[in-house]
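This report concerns only the one structure given below.
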Amino acid sequence: MKKLENKVVFITGGNSGIGKASALEAAREGAIIVVADLENKEHDETLREITALGVQCMFVPIDVSDVERVKKAIVTTVEKFGRLDVAFNNAGIGGVYSGIHDMPEKEWDRLIAVNLTGQFYCVKYELQQFLKQGGGVIVNMASLAGLKAEHGLVPYTVAKHGVLGLTKNIAVQYANQNIRGNAICPYYVETPLLNAAPEEVHTAWIEGTPSKRLCTADEVAKAFIYLACDDSSYCNGTQIILDGGVMA
């Protein structure tokens with residue numbers, strides 16, 4: 001039997017990069033996939049690729065910084081498929097490099113709204129559904145920047161630390177109600193967005209990694225499957241680190 005057979009899996013930022021790779025991997029494991037992303041994203045191709053794997057899927061528009069749209073996306077999922085089994089809160093944005101002393105307030109607000117408050121909105125309403133149906137699994141996208149300072153990425157670092165705090169609280173408050181919450185902390189991941197960085201910056205990231213390469217979206221997807229399925233049934237309130245040895 002496949003690891004996520006007939007499980008309803010909700011993935012924010014599911015139309016590209018890590019989210020898309022995770023959606024496809026979950027589909028290969030038999031899941032019903034809900035791709036949640038911004039409305040201006042081209043999602044038809046993602047749905048075609050998922051459907052080709054022989055599972056049901058649908059797209060729901062979402063802006064995680066808008067609580068009403070978060071609620072609607074989750075309600076739409078449950079109305080369509082009857083339940084929600086796994087949520088991967090993957091949507092997030094990067095930021096500009098800055099010191100704390102000269103950080104533009106608007107940049108701080110933008111990053112925190114999407115990367116931390118948006119995670120809270122998703123977790124809140126996912127938990128409400130899990131409590132109604134008797135359990136579920138949450139996987140939050142954090143970052144290596146949730147475990148250490150990332151020079152110049154002030155609000156991003158703060159937000160990702162906050163995501164890990166939120167994740168730990170899921171375990172502490174809801175473990176006895178058949179609900180698990182864990183996080184993934186990757187170093188830089190090879191995605192189209194990351195590959196748009198200047199070549200010298202990209203090279204520096206690679207050279208700063210003992211493995212001398214960056215993580216792939218498929219490797220993050222494999223970690224997501226582990227946390228989403230029963231293989232990790234006693235794993236709660238913690239994180240998987242994918243860093244090629246950086247923290248060592």
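Packing-wise, with mean Cβ within 10 Å as the measure, how do 224-237, 79-92 rank, highest first? Could the numbers behind the result be given before it?
Details: 224-237: 17.2, 79-92: 21.1.
So the peptides 224-237, 79-92, ranked by packing, come out 79-92, 224-237.
Hey, fewest Cβ within 10 Å first, where do Met1, Met247, Met103 land in order?
Lowest to highest Cβ neighbour count: Met1, Met247, Met103.
Quick one: putting +1 on the C-beta of Lys and Arg, -1 on the C-beta of Asp and Glu, what dipole do you get for the range 8-242 around its Cα centre, in Debye to the nearest 20?
Values: 20 positive and 27 negative charges, 150 e Å.
Taking the Cα centre of the range 8-242 as origin, the dipole is about 720 debye.
For the chain, build the charge dipole from Cβ charges (+1 Lys, Arg; -1 Asp, Glu) around the Cα centre, then report which of Gln56, Gln177, Phe130 sits farthest towards its positive end.
Ranked along the dipole, the leading option is Gln177.
Of the peptides 136-144, 4-12, 67-75, how do they stack up when ordered by the mean number of other Cβ atoms within 10 Å, highest first?
Numbers: 136-144: 26.2, 4-12: 23.0, 67-75: 17.4.
Most protected by this proxy first, the peptides run 136-144, 4-12, 67-75.
Using only the Cα atoms of the range 33-97, build the gyration tensor, take square roots of its eigenvalues as a ≥ b ≥ c, and label the shape rounded, prolate or oblate: rounded if a/c is under 1.5, else prolate if a/b is larger than b/c, else oblate.
Details: a/c = 2.02, a/b = 1.28, b/c = 1.58.
Verdict is oblate for the range 33-97.
Mean 1/r over all different Cα pairs, inverted: what Kirkwood radius does the chain give, in Å? It would help to have the intermediate numbers written out before the result.
On the way: mean 1/r = 0.0552 Å⁻¹.
Hydrodynamic radius (Kirkwood, Cα pairs) of the chain is 18.1 Å.
Read the figures in this text as sums done on the coordinates, not as results from a lab. Small disclaimer: the values here were computed from a predicted structure and weren't measured. Note that each Cβ is placed from the backbone with ideal geometry, even for glycine, and that neighbours are counted across all protein chains shown.
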